[in-house]
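Chemist: My questions will all concern the structure given below.
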Amino acid sequence: VSFSRDEQNKWDLGDANISYLGFKTVEIKVGHMHEPFGFERLTGLTKIATIERSVATSAFAPGRSYGLQVGNNKRRYTWALGIFQDDDNSASPHAITGRLTYAPYNKKDVVIHLGLSGSYRDHKNNEFQIKENGEVFTASNVIRSAKFDADERYLLGLEFAGTYNNWTFSSEAMAQKVSQQNGEDWLYSGYYAQLSYFITGESRLYKHGGFKAIKANSKSGAFELVVRHGGVYLRDHGIGSDSQISLLGIHYYYDKALQLKLNVLFPQISGNSLQEDPSGIASIFRLQYTF
């Protein structure tokens, strides 16, 4: 059992599930877990290459839910499919979510990763709105979609990632269609592309459809440079906001437990906003210790 912090800086129950490994071809998991959707969402905060996940991942990819999941992990491919409920409230959305990944090339220093995710979510005519803080966990939710009662929602995610020696690249594109209670459809999309480089020569290791934690080559630690650009387009029917965010980062990994990260973000927000002038620059520093 674990506890985690979400993008709204709230603490919640983390992974609390039981797995059955008695079958050779499938693993069965039941409890509270990440829904199988998205490359970055399924990478832990200690393993991602930035302080916060991209605004696209935060806005589109489901987090942890209660459910039943079946799947399997192999060296070159993974698959997972499950039925979920957002929490223990019977009025919360029910979902069917799945993910398939394939690594056509998987060597120690060179990896190519492809992934596809999808989710159907029954919202039972409850209120729906996307609200995001622009990758700054202490900021207000200045990026917003329209608010309405939703009937159902369809999510689609595409992944492309890879490594080449001490370079790492990852990208995702996501889209969703939300059906309003009155039958009107709302279309939203988002994406990010991210590139990192280890000055000290380390390489990110790949396993089971994702990257592992960084292990420094020497006792003096590892230094990494990161650049990312992405955004979400939440404006439809003339309502909502669009945003693009560029990020520059420098990170230091003393070991797998201790990390220091500095990110500078340059957001561009248009459309409906809580503020007349939503522009600005944000600097984030995090000292992170895992035990």
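Chemist: Kindly provide the set of residues from the range 120-152 that are within 18 Å of the chain's Cα centre (by Cα), more than 17 Å from Leu234 (Cα to Cα) and open to solvent by less than 50 Å² (accessible area, probe 1.4 Å), ordered by number.
Modeler: Arg121, Val136
Chemist: Here is a further query. For the range 4-16, does any single residue satisfy the condition of being surrounded by fewer than 21 Cβ atoms within 10 Å (Cβ to Cβ), modelled with pLDDT of 90 or more and in a loop (DSSP other than H, G, I, E, B)?
Modeler: No - not one qualifying residue is present in the range 4-16.
Chemist: List every residue pair whose Cβ atoms lie under 6 Å apart, where the two residues are 6 or more positions apart in sequence or sit on different chains, the first residue falls within the range 20-41 and is under 20 Å from Gly209 (Cα atoms), and the second residue, located anywhere, is in a loop (DSSP other than H, G, I, E, B) and at pLDDT 90 or above.
Modeler: Hits for this filter: His34/Leu42; Glu35/Pro62; Phe37/Ala61; Phe37/Pro62; Gly38/Ala61; Glu40/Arg53; Arg41/Ala61.
Chemist: Please tell me if Val232 is among the β-branched types (Val, Ile, Thr), touching a residue at least 12 places away in the same chain (Cβ under 8 Å) and over 15 Å from Ile48 (Cα atoms).
Modeler: yes
Chemist: So, in the range 132-150, exactly how many residues are without any contact (Cβ under 8 Å) to a residue 24 or more places away in the chain and of a type in the set (Ser, Thr, Tyr)?
Modeler: The total comes to 0.
Chemist: I'd like the full set of residues that are assigned to a loop (DSSP other than H, G, I, E, B) and touching a helix residue (DSSP H, G or I) at 6+ places or on another chain (Cβ under 7 Å), limited to the range 104-142.
Modeler: Scanning the range 104-142 gives Ile130, Gly134, Glu135.
Chemist: May I ask you to list pairs of residues, at least six apart or on different chains, whose Cβ atoms are under 6 Å apart, with the first in the range 169-194 being basic (Lys, Arg) and the second being assigned to a strand (DSSP E or B) and open to solvent by 40 Å² or more (accessible area, probe 1.4 Å)?
Modeler: Every condition considered, the pairs that remain are Lys177/Tyr154; Lys177/Asp185; Lys177/Leu187.
Chemist: Is it fair to say Leu45 is closer than 26 Å to Thr290 by Cα and either part of a loop (DSSP other than H, G, I, E, B) or open to solvent by 10 Å² or more (accessible area, probe 1.4 Å) (or both)?
Modeler: Taking the combined requirement at face value, the residue satisfies it.
Chemist: I'm told Gln244 meets every condition in (1) out of contact with any Pro (no Cβ under 8 Å at 6 or more places or on another chain); (2) under 19 Å from Ala175 (Cα atoms) except one. Can you identify the failing condition by its number?
Modeler: Here Gln244 meets the rest and fails (1).
Chemist: Yes or no: Leu155 open to solvent by 60 Å² or more (accessible area, probe 1.4 Å) and assigned to a strand (DSSP E or B)? Let's see the steps before the verdict.
Modeler: Numbers: open to solvent by 60 Å² or more (accessible area, probe 1.4 Å): no; assigned to a strand (DSSP E or B): yes.
Here the answer is no, as Leu155 does not meet what is asked.
The values are calculated or read from the model by the stated rules, or taken from the named source; none is laboratory data. Note that the structure is a prediction, hence the values are computed from the model and not measured. Neighbour counts run over all protein chains shown; Cβ positions are idealised from the backbone, glycine included. Ligands, DNA and RNA are excluded from the accessible area calculation, which covers all protein heavy atoms including side chains. Shrake-Rupley method; radii C 1.70, N 1.55, O 1.52, S 1.80 Å.
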